[in-house]
Structure formats: C-alpha cells, structure tokens
1. Looking at (1) buried (at least 21 other Cβ atoms within 10 Å of the Cβ); (2) in contact with a Leu (Cβ under 8 Å, 6 or more places away or on another chain), which is the one condition that is false for residue 205?
2. Being buried (at least 22 other Cβ atoms within 10 Å of the Cβ) and either at pLDDT 90 or above or not assigned by TED's automatic domain parsing to the domain that holds residue 258 (or both) narrows it down to one residue among 147, 135, 158, 151; which is it?
3. Just to be sure before I move on: is residue 279 of a type in the set (D, E, K, R) and without any contact (Cβ under 8 Å) to a residue 40 or more places away in the chain in the structure I sent?
4. What number of residues within the range 161-185 are modelled with pLDDT of 80 or more and among the acidic types (Asp, Glu)?
Amino acid sequence: MAKRMRWLLLASLVVCISASAASAGTLDMLHQRGTLRIGYVVDEAPFSSSKPDAKPMGYAVDLCGKVADEIEHVVPQLKREYVEMTLANGFDGVKNGQVDLLCGAITVNLERREIVDFSQPIFLTGASALLRKDSPDYLQALFIDRSAAHSVSQHLASTGVIGVRANTTTDAILRKAQSTEISKTRIADFDTHEDGLKALEEHKIDAYFADQALLMGLAKRARDPSSLEVGDRLFTHEPYAIALRRDDGDFRLVVDRALTDFYLSDGFLPLLQTYFGSDAPMLHTQIMMEHVP
C-alpha cells in the first residue's frame, strides 16, 4: 500500500511539474534557461539558409536577431542557439518548445495559427511560377505579363507537369485548384527548392511554383539564369511572419515591439537592400503600411 502511495505521489509530482512548465511564459523560461532557441527553415534563401560550419543567414534570420537584441534587455546575457528546422517539423517545434522563434519564408494562415502564433508581418509577397524560356505557351501566358500575350485557351487542361515544394501553402493551393478542374496537368512534389530548380532545368517539369520572392533568389542560382523567367503575375497573397508560441501575449509584445523599433530605424532599408536590391524601397513602403505602430 505504501509503495502504491509513493507511486501516486510521484505521478502527481510529474503532472504538476509538467503543468507548471506548460503554463510558464516564454520570457520566464528564457530567464531560467538563459538561451533563446532560434529555429530557421533551411533552403529558403534569401530569408533563411545555411552553409556547413557557418551561422545561418537571411533576411528573416537577421530580423530574429533584432528580436533577440530586444529580449536581451529583459533577459541579460541571453545566449542564442540556432536550430535547423524544416516546414514539416518547424511548427510542432515551436509548439513543443524545441524552438522559441521560427524564422524563414513562413506564410501566416488560419491552419497554422491553430498550432502557433505569429508576429506582425515581416514581408509581403505572393505565389507565382518559375519558367524556362521554352516552357509551354499556356504557362507563359498565365504568368508572364506581356503586351503580346499568348492565347490562354490551353489553360490548365494542357498536359504537363508542374513542380512545387511539399508541405507549403502553395502546394495546398495548387492541389485544391487541380481538384476543382478537369486537368491533365500533374503536380510533382519536391523536398527542396533546389530539387525543383534542377527538375525544371532538366525539362522534367514545365514550371516550378513558389512565392515570387523565393523564385527570384532561386533563378539567380540556376546554371543559366538567362534561360529562366520569374512570373510577374501572382495568384496568392502571402504575408510572412515569425512563428512563436501560442497564448503568450507578453512574449509576442516583445517580438512586435522589437520589429516596430527596427522598422522605424535607419537600419531597416539597408537590410532590405542587402537581400532584395532595387526592390527594397517598394518593399519598405509595403511593410511600413502593414506594421504595428
């Protein structure tokens, strides 16, 4: 009987400790741990990427660094640990506490908000297509805005293969569109954007779909960038943000305050220029219109 009571007390203690950890805010945990775990999604240049034995880099990673600077005012001598994640496991990583922030080309939508919360927007874009100059006419007409546009009569009924990265919002939208139309177009999923680019260059697919900002960076890394075109027509609206733990208003306030302060600083436009070149002034205006004052 005494042994059974000890087991019950031990089980109750474990439950209490778990409940206490679950209810503790992120800032409280950072005070105890002393380390901010910054998750970053690989293969999403210029937003987040990494090279062997090097610190991750990218626009979103740099913004997460600005957030860490702000948190350090609340948690002195805060250390930073970068954790490589994927879109497939990143949101669960935030939910279960493996990482405190998730940085990358991360679209905000309702489905993801069931798992995580998000900061204010850090970027605005939309999905389009990366095409070869010899891609089928119907794709050229759908995504390249030219004065002498090709006929769109072939539309999605044309036979072909288009590629997309698996587990993305673009993948979900394309499959939903395909299910509502009579189409012979096949969708091929790829684990990385680089795999999709390779398939496009090798004529295994006719187009590769992703957010336009990602496609621009991807095209520059092609074997022959001059043979490719990035669509200038968008078929989705994709607001990017930093993913963080749900139901933690204090932590989100710190994150949003850090972003707003940086957006209003003299350093924001140069950062945009570093990653997006001549598009920086336009992007600066867009983000400032969406930011939390």
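1. Of everything listed in (1) buried (at least 21 other Cβ atoms within 10 Å of the Cβ); (2) in contact with a Leu (Cβ under 8 Å, 6 or more places away or on another chain), residue 205 misses just condition (2).
2. Just one listed residue meets the conditions, 135.
3. Yes: the conditions hold for residue 279.
4. 1
Let's see how each residue does on (1) modelled with pLDDT under 95; (2) of a type outside the set (A, V, I, L, M, F, W, C); (3) in contact with a strand residue (DSSP E or B) (Cβ under 9 Å, 6 or more places away or on another chain):
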residue: 220; (1), (2), (3): yes, yes, no
residue: 223; (1), (2), (3): no, yes, no
residue: 232; (1), (2), (3): yes, yes, yes
residue: 237; (1), (2), (3): yes, yes, yes
residue: 240; (1), (2), (3): no, yes, yes
residue: 251; (1), (2), (3): no, no, yes
residue: 256; (1), (2), (3): no, yes, no
residue: 259; (1), (2), (3): no, no, no
residue: 265; (1), (2), (3): no, yes, no
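The values are calculated or read from the model by the stated rules, or taken from the named source; none is laboratory data. What you see is a predicted model; the values in this text were computed from it and never measured. A quick note on method: Cβ atoms are made from the backbone with ideal geometry, for glycine too, and the neighbour counts reach across all protein chains shown.
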